[in-house]
Amino acid sequence: MGVSEGFFGTLAEEVGYPFNQIPTEAFISAAGGYGAGTLCGTLGVGAACIGTVCDKETSNKLLSELLKWYKKEEFPSYQPENLNLPKTVADSYLCEDSVGNFMAASGYAYNDPERKSRCAGVAAEVTKKIFEMLNEQMG
């Protein structure tokens, strides 16, 4: 939801149609690695965001760049609640691995509010990265 709200919500406000016709709630099933700890929802939703505004070749290029960045990035840099959460590297595209590495380093459990804040920060960073890549690509 964070990526869809950040991307489609922002475009709905700034551009309007057709982005104001996309319900951001349509992406709620991406949470928790699509409920099964699989692909991080930020990446799946990110792919949809990129694919909505790019041709196939550009979309594939940007998605590849996003995946490589995500796998090696230290998260979360963005911490709006100033929790001073430890940064960890996912070294994977899977929610289970990304969150698991964070929980192992931090001692927080899956249902702890700090883990939820960490994932919100990751969603914000992924959304920012998508906008940066698109701005660079499209000038």
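The values are calculated or read from the model by the stated rules, or taken from the named source; none is laboratory data. These figures come from a predicted structure and were not determined experimentally. Ideal geometry is used to build each Cβ from the backbone, glycine not excepted, and the neighbour counts take in all protein chains shown. For accessibility, only protein heavy atoms count, side chains too; no ligands or nucleic acids. Shrake-Rupley method; radii C 1.70, N 1.55, O 1.52, S 1.80 Å.
Tabulated data
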{"item": "Amide H contacts of CYS40 (H built 1.01 Å from N, under 5 Å, at least 5 apart or other chain)", "result": "LEU94, CYS95"}
{"item": "Built amide H within the under 5 Å cut-off of THR88, gap 5+", "result": "PHE75"}
{"item": "Net charge of neighbours whose Cβ lies under 12 Å from the Cβ of MET133, counting Lys and Arg as +1 and Asp and Glu as -1", "result": "+1"}
{"item": "Degrees between helix 113-138 axis and first principal axis of the chain (Cα, 0 to 90, nearest 10)", "result": "30"}
{"item": "Label-to-label distance, nm, for residues given as ALA104 and VAL15 (7 Å Cα→Cβ offset)", "result": "4.0"}
{"item": "22 Å Cα cut-off, lysine pairs counted over the chain (separation 8 or more, or different chains)", "result": "23"}
{"item": "Whole-Hz couplings from phi, Karplus 6.51/-1.76/1.60, listed for segment 41-57; x for Gly and Pro", "result": "x, 5, 7, x, 5, x, 4, 5, 4, 4, x, 6, 10, 10, 6, 4, 4"}
{"item": "Accessible area per residue in Å² at 1.4 Å probe, computed on segment 1-77", "result": "52"}
{"item": "Segment 1-55: relative contact order in percent, alpha carbon pairs under 8 Å with at least 6 residues between", "result": "34"}
{"item": "Rounded accessible area of TYR78 (nearest 10 Å², 1.4 Å probe)", "result": "120"}
{"item": "Cα-centre dipole for the chain with unit charges at Cβ (Lys and Arg positive, Asp and Glu negative), debye to 20", "result": "240"}
{"item": "Globularity ratio of segment 1-102, using Cα Rg and 2.2 N^0.38 Å", "result": "1.13"}
{"item": "The chain - percent of accessible surface contributed by carbon and sulfur, probe 1.4 Å", "result": "51"}
{"item": "Among SER64, SER117, SER77, residue whose mean-square fluctuation peaks in a GNM of the chain (springs only between Cα atoms under 10 Å)", "result": "SER64"}
{"item": "Centre separation in Å (Cα based) which lies between segment 77-104 and segment 1-37", "result": "22"}
